[in-house]
1. Calculate the all-directions average of the projected area of region 72-134's alpha-carbon convex hull, and give it in nm².
2. Looking at the calculated P(r) for region 33-117, what percent of the C-alpha pair distances fall above 17 Å?
3. Residue by residue, what Karplus-based ³J(HN,Hα) values in Hz, rounded to whole numbers, does region 78-94 have, using 6.51, -1.76 and 1.60 with θ = phi - 60° and x for Gly and Pro?
4. Suppose each label sits 7 Å from its Cα in the direction of the beta carbon; what would the CYS108-ASP33 distance come out to in nanometres?
5. Counting Lys +1, Arg +1, Asp -1, Glu -1, what net charge surrounds SER58 among other residues with beta carbon under 15 Å of its beta carbon?
Amino acid sequence: MRHFEYFLFENFDPDQTAAHPGNPRQILRTQADGILSRVADFPPGACPAGLLHEEFGSEAVDRLISAGALRNNGERIYFDTPVFLAEDAPALQRFSRKTSIPLADLLCKQREKLWETAETVCNGFPPSVNLLDSVAIFGSRDIIMAGRQIGI
């Protein structure tokens with residue numbers, strides 16, 4: 001069986017919702033590694049839903065579906081969130097290597113505009129933090145909206 005690491009976006013107070021049955025940590029704590037391992041044993045789109053329900057129980061499988069980890073598409077189960085397996089590492093490294101230098105070049109060419117954009121965001125953080133966060137997650141709505149206003 002594989003052992004997965006789970007990275008969850010925190011948009012709630014974990015102290016107040018820790019015991020809630022819908023909390024992803026509660027769901028992923030139970031049989032998740034076993035179920036996700038079984039799905040990973042199959043090529044994409046080939047894991048039979050009935051097999052998972054038989055091996056792990058419908059409730060456990062349905063909880064992973066409701067948590068957004070899996071998706072039921074008729075008779076087949078798919079991952080419904082990014083899942084990276086050890087055997088994916090060479091391809092991920094190859095793709096990262098191929099895109100990282102052009103991406104860094106593009107960011108360097110836009111350095112002035114990126115800094116100007118970070119300075120226009122009024123969210124209580126200094127421009128350096130806004131810029132770092134935006135580059136790190138590459139999707140900050142505030143930075144994107146401000147960037148459109150100045151023509152990035």
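1. About 7.5 nm², averaged over all directions.
2. Value for region 33-117: 59 percent of Cα pairs lie more than 17 Å apart.
3. Residue by residue, region 78-94 yields 10, 5, 10, 8, x, 10, 10, 9, 4, 5, 7, 4, x, 5, 5, 5, 4 Hz.
4. Those two pseudo-labels are separated by 4.3 nm.
5. -3
Quick note: the coordinates plus some simple rules give every number you see, no bench work behind them. In this text, all values refer to a predicted model and were calculated from it rather than measured experimentally. Heads up, the Cβs are rebuilt from the backbone with ideal geometry, glycines too, and the neighbour counts pull from every protein chain shown.
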